[in-house]
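Accompanying notes for the structure given below.
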Amino acid sequence: MMKLLSRFVFWVAGWKLKVGWPDGLKKAVLIAIPHTSNWDLLYARAAFYLMDIPVQFTIKKEVMVGPLGWLIKGLGGIAIDRKRIPGGRKQTYTEAMTTMLKEADELVIMVTPEGTRSYAPKWKTGFYHIALGAEVPVVIGFLDYKNKVAGIGPVIYPNGDIHAQIEEMMAFGRTIKGKYPEKGIL
């Protein structure tokens, strides 16, 4: 049903796919770039349904109740429980997502590294630490509004050189135009 609806959305909006998911890759952190509009979730979600990539995204467990929770779960939302860990402190979202990836047989978690739809000169780095800690790659998913293409870009295997590798990802992102380019990666 969702795949059919996604085909309809892409047909009506005139979008195309650039498929490039690595064969056999079952676990990854997928960064969705650039994130400049609320429309990004609709087109990204539709693209991943069409590419048969079981992408999920995280949200705090308090939001996952009632009809809104059912809708979010149906779209791929995973509740994050920041439970207390040994030592009495609450685990961070990064720790929770790293643990989820380590324990899962198959899991692709989508993250927006900008952390906002507004212009962000620096990316949040949690996604990189999650991938490094879980020993999974970072896959770049993109929405190019200028050319109406949604697709998969480079696959980066974290090696600990966070600044160089994030700059490599941002360099690719600069070639992609979001719905509002002035809010994208400059």
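The values are calculated or read from the model by the stated rules, or taken from the named source; none is laboratory data. Just so we're clear, the structure is a prediction, and the values are computed from it rather than from any experiment. Methodologically, a virtual Cβ is constructed for each residue, glycine included, from the backbone with ideal geometry; neighbour enumeration extends over all protein chains shown. Note: areas computed on protein heavy atoms with side chains; ligands, DNA, RNA excluded. Shrake-Rupley method; radii C 1.70, N 1.55, O 1.52, S 1.80 Å.
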Take the alpha carbon atoms of the stretch 130-180, find their center, do the same for the stretch 22-50, and report the distance between the two centers in whole angstrom.
-> 11 Å
With only helices counted (DSSP H, runs n ≥ 4, each -39500 (n - 2.57)), the per-residue ellipticity at 222 nm for the chain, to the nearest 500, works out to -10500 deg cm²/dmol
Compute the label zone of residue 148 within the stretch 156-186: residues whose backbone N is under 20 Å from the point 7 Å along Cα-to-Cβ.
-> 176-181
Put one equal scatterer on each alpha carbon of the stretch 135-186, apply the Debye formula with no solvent term, and list log10 I(q)/I(0) at q = 0.22, 0.31 1/Å to two decimals.
-> -0.82, -1.21
Compactness of the stretch 80-186 - radius of gyration and Dmax, Cα, Å = 15.2, 51
Express the carbon and sulfur contribution to the solvent-accessible surface of the stretch 1-155 as a percent, rounded to the nearest whole number, probe 1.4 angstrom.
-> 58 percent
For 49, 128, what's the largest-to-smallest order of accessible area, 1.4 Å probe?
-> 49, 128
Taking the chain, the equivalent ellipsoid from its C-alpha gyration tensor has semi-axes in Å, biggest first, of 25, 21, 16
Hydrodynamic radius by Kirkwood, which averages 1/r over all alpha carbon pairs of the stretch 31-107, in angstrom = 14.1 Å
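How big is the charge dipole of the chain about its Cα centre, in debye rounded to the nearest 20, if each Lys and Arg gets +1 on its Cβ and each Asp and Glu gets -1 on its Cβ? Mind showing how you got there, number by number?
Values: 25 positive and 16 negative charges, 124 e Å.
Computed about the Cα centre, the dipole is about 600 debye.
Say a site is exposed when it is one of the trypsin sites (Lys or Arg not before Pro), sits in a DSSP loop, and has at most 14 other Cβ atoms within 10 Å; what is then the longest site-free stretch of the chain?
On the way: sites that count: 26, 83, 89, 122, 146, 148, 174.
It runs 27-82.
Per residue, how much accessible surface does the chain expose to a 1.4 Å probe? Answer in Å², no decimals. Can you show the working numbers first?
Working: 10160 Å² over 186 residues.
Dividing the accessible area of the chain by its residue count gives 55 Å².
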Kirkwood Rh over alpha-carbon pairs of the stretch 9-68 plugged into Stokes-Einstein at 4 °C, 1.567 mPa s gives a D in µm²/s of 95 µm²/s
Counting only residues 5 or more apart in sequence or on a different chain, those whose built amide H sits under 5 Å from that of residue 112 are 32
What size of dipole, in debye to the nearest 20, comes out for the stretch 82-159 about its Cα centre when the only charges are +1 on Lys and Arg C-beta atoms and -1 on Asp and Glu C-beta atoms?
-> 500 debye
GluC sites (Glu not before Pro), loop per DSSP, at most 15 other Cβ atoms within 10 Å - longest free stretch of the chain = 1-105
